[in-house]
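Asks: Dropping a structure here in structure tokens format, bear with me for questions.
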Amino acid sequence: MDAPPERFGRQALAVFAVCAVLYFGGFWAVQKWRARKGPWEVTFGVQTNGTPIVAVVQPRLGIRDVRFTFPGTNAPNQTTNVTLRFDDPDRRDAVPFGRVEFLDTTFLPGTVTLVLFGHEIEFLPRTLIVDKREEPWRAGARFDLPAR
């Protein structure tokens, strides 16, 4: 007993429609889950005496006003307050000073590793790593990292 061709066509179309809805619905759900906490927001600036400063914020994790200063160094002259949101892997080349060593934006906020004036600073959701040393995230924390 074979199904008539028109019935087979309707069944194939129905199966295709269900698969498409599941695929696109699943993709949308994963994208929402991936971005739900938002990215790291890092501000690069210069104090009035020319000392570079970097401030980190991640509102969904409660991380606010964490600052790194680099006494004994000078930032490039063109640097003014530039805030970057690390939500796109193409942000690797956007930092005004230093370089992005590692960037994982798969599930935000992800992991960002910066090398600034000889210091390695790594932002992870669970901890902060400064020069291979774990530090707990504390709102308002200050780190003075002298020139190397």
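Asks: Which of the residues spanning the stretch 62-97 are at pLDDT 90 or above, surrounded by 15 or more Cβ atoms within 10 Å (Cβ to Cβ) and not basic (Lys, Arg)?
Replies: Residues satisfying the conditions are Ile63, Val66, Phe68, Thr69, Phe70, Leu84, Phe86.
Asks: Test Pro71 against the stated conditions and say whether it is more than 15 Å from the chain's Cα centre (by Cα) and in contact (Cβ under 8 Å) with a residue 60 or more places away in the chain.
Replies: Yes.
Asks: Filter the stretch 1-49 down to the residues that are assigned to a loop (DSSP other than H, G, I, E, B), under 15 Å from the mean Cα position of the chain (by Cα) and loosely packed, with under 12 Cβ neighbours inside 10 Å and list them by number.
Replies: Result: Arg36, single match.
Asks: Mind telling me which of the residues Leu108, Leu84, Leu103, Leu114 ends up being touching a residue at least 12 places away in the same chain (Cβ under 8 Å), assigned to a loop (DSSP other than H, G, I, E, B), closer than 13 Å to Trp40 by Cα and of a type in the set (A, V, I, L, M, F, W, C)?
Replies: Every option except Leu108 fails the conditions.
Asks: Can you pull out the residues in the stretch 127-148 that are at positive phi and either outside the structural domain of Ala55 (by TED's automatic domain parsing) or surrounded by 11 or more Cβ atoms within 10 Å (Cβ to Cβ) (or both)?
Replies: Asp131
Asks: Is there a residue being of a type in the set (A, V, I, L, M, F, W, C), closer than 19 Å to Gly140 by Cβ and in contact (Cβ under 8 Å) with a residue 60 or more places away in the chain anywhere in the stretch 31-51?
Replies: Yes - at least one qualifying residue is present in the stretch 31-51.
The values are calculated or read from the model by the stated rules, or taken from the named source; none is laboratory data. Given the structure is predicted, the values throughout are model-derived calculations rather than measurements. Glycine gets a Cβ as well: all are built from the backbone with ideal geometry, and neighbour counts include every protein chain shown.
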